[in-house]
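Quick notes on the structure that follows.
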Amino acid sequence: MTYLISAVTYIFDIFIVSSYLKNMLKHFKKKYSTIYILCLILVEVILYINELLSSRYNSFSSVVITPALSILTTFALCCFFSNSIKARILTALSFQVLVSLGESFFTFIITHVNPDILDMTNKTLLYSIMNLGSKVMLFLLCLIVTIFFRNQKYDHPTEYSILLFTTPIITLVIFSFTPLHFLSENDNVFFYEMLFICLSMLNIVNYILIQRAFISTVVNYTNMNIQRQLDFQKGKFEQLSESYRQNRRIIHDVKKHYFYIQEQINKQHFDDLKNYTSTAIQSIEDNYAKYNTGNLVIDSFITNYDNIATKNNIAFYVRLNVDFNRVPTNDYDLCIILGNLLDNCIAACIKCNNSRYINISIETTDNDKFVIHCENRSPVIDSTARQHSIDHGFGLSNISHTVEKNNGFFVYQQKNDIFYTDIMIPIIDESKRVFKSVNHISVHPSSHISRHTDIPVPPGRGRQ
């Protein structure tokens, strides 16, 4: 049974070091998974051999060789992760520090809580129990460290951490308060040896199950947000399609208007004609886009969000200087960028009580860049919490991914209650590039300055 405890101890050690490395490091080289598992086993064999030979070392050699061997083998395992040499060395050293602390803490606790344990006659059993208990303490210390320094995308909720800590803490309590010396004398050791083995295995199983449950929750939230984003994109394309159909209807109706006007002029029904043209003009103003750069995505989206802003009492300042022939993105990507950007602006402004505004500038520059700058009022939000939350929105990440796909740059920051966004995408296509001096600025005839720009822009809304 003592050998079984030793085997469980080494299995537990493999599990601890593997989970610690995966939490502290990043980008595990999955193509070497089989070799990694074999190396884990080899490391434990090396440590076992060193344990057998340690009785032949003097005390100084034992203190130096064993920790050095542990650090070197842990560092070798770190090489299966795509991290810097510095990160690997720090991880290997920190793990060895935790190993030493685990042994010291467990020895201190069990000798003070149960001092008679040192009087056990079965020294082999005592060593096995102490070794296994030290691994449980090491596991608890590793959990504490990884809670604060783990390299993961999402923060774990408090309930998750409580569940993780419960099992090793209960295990340590049972280890510490079990009167082993009394039990060994009464031939009840087998039961408690099995108890310690089962508790140790329970720590492994509990950790794996909780981790999988958390990953499953993350996947579900991710899928839900992806579906939400797909629905969002579907809505934006329907909006774009409706704008296109509306323009086609207006163009189609213009021909009918001309025929009717010509007929009324021929009949000299001028009063009827006056009423008719007034109605027609109002209809065109109600349905035609307010902004006309020639790019359907920009015109329809800016017009739509201008109307939404007006309904929500949000000041909407727009500056457009766009040559529609030089926009470097396709309509789909531009929908993602503008749709997510303006959706975020509207949502943020609605949460503000007063002085709500959106200030957006879109232009194609003479140095071959497509630039979007946006400022909007926004409630103060902890950006770190937003980034690491499971249920965070995918708007900013979708913008970032789309901009990077088009070889551009996307930066954003919040200063007090103002959120700033800047997007720059280079115009790479030779057919869309211009070859003019930077000092010569030419405004394309299709450029449009919003009717709102004659309103004084509030202080602090200039380009940052």
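The values are calculated or read from the model by the stated rules, or taken from the named source; none is laboratory data. All values derive from a computational prediction rather than experimental measurement. A quick note on method: Cβ atoms are made from the backbone with ideal geometry, for glycine too, and the neighbour counts reach across all protein chains shown.
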| message | Tell me which helices (runs of 4 or more DSSP H) are completely within segment 268-381 and hold 1 or more residues being of a type in the set (Gly, Ala, Ser) and surrounded by fewer than 20 Cβ atoms within 10 Å (Cβ to Cβ), or say none if there are none. | response | 270-287, 331-350
| query | What about residue 245, is it at pLDDT below 80 and either in the same structural domain as residue 302 (by TED's automatic domain parsing) or surrounded by 11 or more Cβ atoms within 10 Å (Cβ to Cβ) (or both)? | reply | no
| Taking the stated definitions as given, is residue 261 over 37 Å from the mean Cα position of the chain (by Cα), over 19 Å from residue 344 (Cβ atoms), at pLDDT 75 or above and among the aliphatic types (A, V, I, L, M)? | yes
| note | Scanning segment 319-329 residue by residue, those more than 26 Å from the chain's Cα centre (by Cα) and not acidic (Asp, Glu) turn out to be 319, 320, 321, 322, 324, 325, 326, 327, 328
| query | Pairs, please: C-beta under 9 Å, at least 6 apart or cross-chain, first residue more than 22 Å from residue 357 (Cβ to Cβ) and in segment 287-312, second at pLDDT below 80 and surrounded by fewer than 15 Cβ atoms within 10 Å (Cβ to Cβ)? | reply | 287/246; 287/249; 288/246; 296/244
| Does any residue of segment 424-439 turn out to be over 20 Å from residue 322 (Cβ atoms), modelled with pLDDT under 90, outside any helix (DSSP H, G or I) and within 23 Å of the chain's Cα centre (by Cα)? | no
